[in-house]
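Some notes on the structure that comes next.
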Amino acid sequence: RKEVEQDPGPFNVPEGATVAFNCTYSNSASQSFFWYRQDCRKEPKLLMSVYSSGNEDGRFTAQLNRASQYISLLIRDSKLSDSATYLCVVNMASGGYNKLIFGAGTRLAVHP
Amino acid sequence: DAGVTQSPTHLIKTRGQQVTLRCSPKSGHDTVSWYQQALGQGPQFIFQYYEEEERQRGNFPDRFSGHQFPNYSSELNVNALLLGDSALYLCASSLAGGEQFFGPGTRLTVL
């Protein structure tokens, strides 16, 4: 079983749509959680951290359920510029060291 | 302020050869992590360097080795290249256990 699992997609949605990505992780000792965005042939960039209380950044809302080991990302009012691969990431921090475990990514294509 | 830089951007090698990839961390960062990203996959953790020592390692064979220099820059070495080593190699820098910032990567093709 992979440590971090995501639906690979692709998700093809029209502009203005709401889209939700889900992710599960297997190691209950995971310390912190993130969503990264990766554009084609570019490096991953941090989109947002994920907290149990839920957090929102403009059109983006992230949620963590530690009991279910489940992470979600909701994008409202999709824009063409949101087209990218979204990577679910778990941080296995220990003794001051951090190691990021990535899911395989979910590809989003927003069309006019 | 320059971000994380990597060189070269692209590289083509043949099976059995050896390769060295280089990474300069973001100014002020002291920790460098290396990741391998195969096509269609997420990045996979290779190892992490801090104070010139490898302090964590992922599930990669000994053919993968690294080094960190006193100025915090780092190298990734891969010996006896296999076709399956073809990937995007990403370097990320951070300050201690803080946010990791990624470089643009080196795309390695093994023929």
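The values are calculated or read from the model by the stated rules, or taken from the named source; none is laboratory data. All figures in this text were calculated on a predicted structure; none of them were measured in a lab. Glycine also receives a Cβ, built like all others from the backbone with ideal geometry; neighbour counts cover every protein chain displayed. Please note that ligands, DNA and RNA were not included when accessible areas were found on the heavy atoms of the full protein model with its side chains. Shrake-Rupley method; radii C 1.70, N 1.55, O 1.52, S 1.80 Å.
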- Residues of the stretch B:83-96 being surrounded by fewer than 17 Cβ atoms within 10 Å (Cβ to Cβ) and at the interface with chain A (Cβ under 7 Å from one of its Cβ atoms), which ones? B:Ala96
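For (1) part of a strand (DSSP E or B); (2) surrounded by 14 or more Cβ atoms within 10 Å (Cβ to Cβ); (3) facing chain A (nearest Cβ under 9 Å), each residue gets a yes or a no:
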position	(1), (2), (3)
B:Arg15	no, no, no
B:Gly28	no, no, no
B:Gly40	no, no, yes
B:Asn77	yes, no, no
- Task: Search the stretch A:69-95 for residues being closer than 30 Å to B:Arg57 by Cβ and not in a strand (DSSP E or B), and hand back the single one that is modelled with the lowest pLDDT.
- Result: A:Gly95
- Hey, among the residues in the stretch B:50-70 that are more than 8 Å from chain A (Cβ to nearest Cβ) and at pLDDT below 95, which one's most open to solvent (accessible area, probe 1.4 Å)? B:Asn59
- Which members of the stretch B:42-75 meet the condition of being more than 23 Å from B:Thr14 (Cα to Cα), without any contact (Cβ under 8 Å) to a residue 40 or more places away in the chain, in a strand (DSSP E or B) and in contact with a Gly (Cβ under 8 Å, 6 or more places away or on another chain)? B:Phe45, B:Phe47, B:Tyr49, B:Glu54
- In the stretch A:96-108, how many residues are at pLDDT 90 or above and either open to solvent by 30 Å² or more (accessible area, probe 1.4 Å) or within 8 Å of chain B (Cβ to nearest Cβ) (or both)? 7
